[in-house]
Amino acid sequence: SMWKARTAASVFHAMVAWGFVFYFLVNFGDVLQGYFPIQFLGRGVIGGIYRFLADIFSVAVLVGIIYFILRRFVLHAPELGYRDNVTLMDKVKAGSVSRDSLIVALFILFHVGFRFLGESFTIALERLGAGHGDPAQPFANGVSLLWSGMGASALTVGQHVSWWMALGLILAFIPYFPYSKHFHLIMSGINFLTKPQRTSLGALEPEDFEDESIESFGVARLEDLPWTHLVDAYSCIMCNRCQDVCPAYTTGKELSPSALEVNKRYYINQHITELVNGEETPPLLEYAISESALWACTACGACVDICPVGNEPMFDILYMRRYQALMENSFPSELRQAYRGMERNGNPWNQSRRDRMAWAEGLDVPTIDDNPDAEILWWVGCAPSYDPRAQQTARAFAKVLNHAGVSYAVLGEMENCTGDSARRSGREDLFYELALGNIEVLNEVQPKRIVATCPHCLHTLGKEYPQYGGHYEVIHHTQLISELVAAKKLDYTIVPDGRV
């Protein structure tokens with residue numbers, strides 16, 4: 001999806017990235033050749049391959065970086081900016097990201113450009129002595145023909161000036177490097193190496209409510225974040241891909257996952273001394289993200305999935321919600337009814353538990369009491385139990401199971417909300433209670449397999465309940481239908497309009 005979304009930008013960035021990685025070897029070789037009378041890697045096959053790759057990558061980097069300069073500063077690509085309603089640090093509002101991008105782009109352009117020119121001068125010098133150029137460097141060899149009228153002294157000056165400019169620019173850029181977006185070259189690798197091993201893309205770490213020494217839950221300030229999430233800020237390449245796929249941003253809300261990471265980075269850069277001294281920073285809600293944006297996140301994980309450097313801005317938001325809900329008792333008023341419903345009746349609609357099986361009226365749907373040895377335990381979920389539209393899916397699936405002769409059962413009134421919506425909205429304590437209750441029921445039933453029609457239930461039961469000792473084989477109802485079709489227990493036809 002990352003390549004499909006911005007195909008041209010992805011290709012050109014790959015050219016720059018791969019070329020720049022290869023340039024670590026190129027710069028090392030150039031330093032050796034500058035101070036010692038050697039030909040790096042020799043004139044044989046290996047040396048020829050090295051010079052060919054250096055030539056190809058040099059041109060690739062130059063073409064790629066020119067594309068990005070035109071894209072940002074001439075075409076003003078809208079995807080690289082932010083809407084006016086997004087919270088931004090003052091420096092970001094003043095155009096600091098664009099200025100940083102220009103500095104980095106010009107450094108790459110001139111560093112690689114001077115090195116490429118230096119090779120063309122070297123080839124022109126060789127042609128004066130040997131009568132031919134270097135076929136291993138087709139592009140530099142072609143450019144060297146432009147210098148055919150120059151003498152050896154002039155070519156030597158051009159060669160030396162290019163060498164010093166190419167390597168001198170590195171020395172000039174080093175002090176700025178940690179503050180630039182180019183720092184992601186190092187930090188993105190660290191980010192991938194230190195990224196938490198999650199059971200799924202959206203699995204949250206639990207809180208230990210039994211530990212009485214813990215005085216605060218969730219994240220309020222920068223220093224409360226896991227240190228790997230601080231690395232996120234410096235891994236960010238400010239490409240705004242996360243912003244492109246964020247359903248909240250694309251529907252006009254104040255949330256931009258990219259802006260959150262950029263704001264974190266700029267705050268750290270501006271207040272590094274206070275952070276090192278252990279001083280308390282202001283709440284993230286004062287400068288990194290607005291309260292409206294905090295609650296606009298759908299917790300879909302699209303930003304995490306699309307990020308080319310492994311950043312996880314969604315988790316910053318969910319941990320901040322946890323603090324707001326548990327420590328400040330601050331959350332949208334619309335959630336109050338949902339929390340009350342989960343606490344009292346085991347569903348966010350706050351409808352009676354006695355109505356949990358009303359959707360199955362007129363159908364032969366066995367409960368676990370009716371079929372205690374069922375091969376499949378169907379976890380129906382709250383939406384299929386109470387929402388009229390989702391009930392249609394549940395009724396259709398029940399008919400499929402009955403038609404295929406599947407040995408299954410449902411929990412009926414023993415089924416509770418899995419607590420996913422409570423967890424995603426910050427009420428980790430409520431999720432904890434619901435999870436423990438459901439795990440107790442499931443461990444008593446000991447299901448062979450669980451099938452879920454609700455994707456949230458599927459994820460919570462299969463990926464997050466193991467945190468509390470609930471280990472079950474959980475599949476989606478479409479997977480079970482696929483198994484039944486493969487086993488010839490279901491036949492289907494597709495009509496001309498595409499319906500099954």
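All of the numbers you see were taken from the coordinates with simple rules; none came from a lab. Computed from a predicted structure; not experimentally measured. FYI the Cβ positions are ideal-geometry reconstructions off the backbone, even for glycines, and counts take in every protein chain you see.
Remarks
- Contact order, relative form, for the chain: 11 percent (alpha carbon pairs under 8 Å, 6 or more residues apart, mean separation divided by residue count).
- Panel order for Thr273, Thr250, Thr393, Thr418, by other beta carbons found within 10 Å of each beta carbon, from fewest to most: Thr273, Thr250, Thr393, Thr418.
- Summary value for segment 189-326: 37 percent relative contact order, contacts being C-alpha pairs under 8 angstrom separated by 6+ residues.
- With Cα atoms as the point set, segment 346-486 shows a radius of gyration and Dmax of 14.2, 42 Å.
- Charge tally in the Cβ shell below 15 Å around Arg353, where Lys, Arg are +1 and Asp, Glu are -1, Arg353 excluded: 0
- Alpha carbon centroid spacing (whole Å) that separates segment 375-409 from segment 301-349: 28 Å
- Computed label-point distance, nm, for sites Tyr176 and Cys300 using a 7 Å Cα→Cβ extension: 3.8 nm
- Mean-position separation - Cα centroids, segment 415-480 and segment 132-196, in angstrom: 55 Å
- Kyte-Doolittle mean at least -1.0 and Cα axial length at least 18 Å: DSSP H helices in the chain: 7-35, 45-69, 96-130, 152-173, 257-270, 313-326, 388-404, 428-445
- Centroid-to-centroid, using Cα positions, segment 38-84 and segment 236-293 are 30 Å apart.
- Overall form of segment 276-333 per C-alpha gyration tensor (a/c, 1.5; a/b vs b/c): oblate
- Two numbers describe the Cα atoms of the chain: Rg and Dmax, which are 30.0, 98 Å.
- Relative contact order (%) - segment 2-174, alpha-carbon pairs under 8 angstrom, separation at least six: 24 percent
- Exposed-loop-free span, longest in the chain, where chymotrypsin sites (Phe, Trp or Tyr not before Pro) count as exposed if DSSP calls them loop and at most 15 other C-beta atoms lie within 10 Å: 210-491
- Seen from Asp232, the other residues with C-beta closer than 15 Å to its C-beta sum to a net charge of 0, counting Lys and Arg as +1 and Asp and Glu as -1.
- Neighbour count of at most 15 Cβ within 10 Å plus DSSP loop: longest GluC sites (Glu not before Pro)-free window in the chain: 1-209
- The count of lysine pairs in the chain that are at least 8 places apart or cross chains, and whose C-alpha atoms lie under 27 Å apart, stands at 21.
- Cβ-based exposure ranking for Thr156, Thr367, in which fewest neighbours within 10 Å come first: Thr156, Thr367
- Unpartnered cysteines - no second Cys beta carbon under 4.7 Å - across the chain: Cys236, Cys239, Cys246, Cys297, Cys300, Cys307, Cys382, Cys417
- Rounded, prolate or oblate (a/c below 1.5 giving rounded, otherwise prolate when a/b exceeds b/c) for segment 144-291 by Cα gyration tensor: prolate
- Counted by neighbouring Cβ atoms within 10 Å, the residues Met89, Met150 run from fewest to most as Met150, Met89.
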